[in-house]
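Any read-out appearing in this document is the output of simple, stated calculations on the displayed coordinates, not a laboratory observation. Keep in mind that this is a model prediction, so the values were computed, not measured. Heads up, the Cβs are rebuilt from the backbone with ideal geometry, glycines too, and the neighbour counts pull from every protein chain shown.
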Amino acid sequence: MVSHRNWGASVANIPKFFTGHGSRSDYTKSYDVRCYPLHYLLMAVGQMEVDYLSLDIEGAELSVLKTIPFDKVSIKVITVEINNGQEADVTQFLKEHGYKKMRYIKNEVAHDNVYMKNGNELPSEPNLDAIRANYLSPARWAFKRPRQHTSTNVRRTSVAKFVQKNLLKNKSFGFFVEAGANDGELNSHTLALEVFDGWTGLLVEANPQLRQMLLTKKRNVWVASCCLSTQPNVSEVQISEEKLGPAKSPCVPLHHLLNAIGQKDVDFMSLNDGAGAELSILKTIPFDKINITVISVETNEPSKDWTEIPEYLGKYGYKKMEFTTHGANALFMKVEE
């Protein structure tokens, strides 16, 4: 048991108290209360992840922080009222647990430090002009791509057939995204949509050899010279090229590419050749800002992420509609309630 002052009786006097107009005699009543460690309370309610913790407990902040098992409880942001010259000790203690001091806030009623767990910083705003200039090639051809430009017979893959006939009801003039676009023709789930149904879209291909071949096919699409990022910002990965050997490729979040070309709505997204990163790529997509109707995910069922992908997409209203054995593609559609 510890003794605490009865703050509730004089809430109206708090601003005056902090500005020197009140009297400590207003807060002399005390009583005993039971105290529990924070992680006990969190365990009791089944919540081990906290986005924001505010500590304002009149000098006991450091002692309370020392009771938290940070290896078991995840807290993103902590604000701590500064009392009794403990700022240096609090800052050092939290630094040892991976926190960085972000700001000191002082006003008439507060003297607080704000700490954030390393790795939780908000991603910087993308430079869309730079993304367009560095990673995107615009469509250069007539809206409906002439058949004679293709070097192979255009046919619908089993994925494209199911999407158009069963899910999108033979939609015309839609917008697609195909990640892992290869040379733009081989096993493409989007080529027939463009040729027969007047679609356009965004093709993403990191391999420079394949991308160079793609650009010769005169497809009516934007082409992104990168891979899709598994991080909130532009990153790099190692890829293997047949002639040049290992090389680094830039990776850009999907929504950055779409924002750069002014496209918020996607009728069909084909996520091919994610090299096991499909779930991580999906987790970068802000589904509240980018509207995608149908998603095809290439996966070798059962994979370690396979149970997680339907569960994750289900949180955003997607339902598994089909699993095609050719190419091992799972199809998900956003279902409006």
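What is the fewest-to-most order of SER63, SER280, SER249, SER270 by other Cβ atoms lying within 10 Å of their Cβ? If you can, show how the numbers build up before the last one.
Values: SER63 10, SER280 14, SER249 17, SER270 28.
Going from least to most buried by this count: SER63, SER280, SER249, SER270.
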Around ASN259, with a cut-off of 13 angstrom between Cβ atoms, what is the net charge of the other residues, counting Lys and Arg +1 and Asp and Glu -1? 0
Descending packing, highest mean Cβ count within 10 Å first, for 205-218, 33-46 is 205-218, 33-46
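Quick check: convex hull over the Cα atoms of the range 47-121, volume per residue in Å³, rounded to an integer? Please report the intermediate quantities before stating the final value.
Working: hull volume 6.9 nm³, N = 75.
Expressed per residue, the convex hull around the Cα atoms of the range 47-121 is 91 Å³.
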Neighbour counts of other C-beta atoms within 10 Å: give me SER74, SER296 arranged from fewest to most. SER74, SER296
What residues qualify as long-range amide H neighbours of MET321, i.e. H under 5 Å apart, gap of 5 or more or another chain, H built at 1.01 Å from N? LEU331, PHE332, MET333
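Placing unit charges on C-beta atoms (Lys and Arg positive, Asp and Glu negative, everything else neutral), compute the dipole magnitude of the range 47-121 about its Cα centre in debye, rounded to 20.
The dipole magnitude comes to about 300 debye.
Where does the charge balance sit around GLY174 when Lys and Arg score +1, Asp and Glu -1, over other residues with C-beta under 12 Å from its C-beta? Could the numbers behind the result be given before it?
Working: positive: LYS169, LYS171; negative: GLU194, ASP197, ASP265, ASP267.
Local net charge: -2.
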Name the long-range amide H neighbours of GLU236: under 5 Å, sequence gap of 5 or more, or other chain; modelled H, no Pro or chain starts. CYS251
How big is the shadow of the Cα convex hull of the range 182-294, averaged over all directions, in nm²? 7.1 nm²
Output ³J(HN,Hα) for the range 213-223: one whole-Hz value per residue in order, computed from phi by the Karplus curve 6.51 cos²θ - 1.76 cosθ + 1.60 with θ = phi - 60°, and x for Gly and Pro. 5, 4, 5, 7, 7, 6, 7, 8, 8, 7, 10
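Past 24 Å, Cα to Cα: identify those pairs from LYS72/LYS117; LYS289/LYS334; LYS101/LYS283; LYS217/LYS264; LYS289/LYS319; LYS161/LYS319, in the order given. Write out the running numbers ahead of the final one.
On the way: LYS72/LYS117 14 Å; LYS289/LYS334 14 Å; LYS101/LYS283 28 Å; LYS217/LYS264 26 Å; LYS289/LYS319 19 Å; LYS161/LYS319 18 Å.
Result: LYS101/LYS283; LYS217/LYS264 exceed 24 Å.
So for each of 315-321, 227-233, 186-192 I average, over its residues, the number of other beta carbons within 10 Å; can you give me the resulting order with the highest mean first? Spell out each step's value before the answer.
Values: 315-321: 14.3, 227-233: 19.4, 186-192: 21.6.
Per-residue mean Cβ counts within 10 Å order the peptides as 186-192, 227-233, 315-321.
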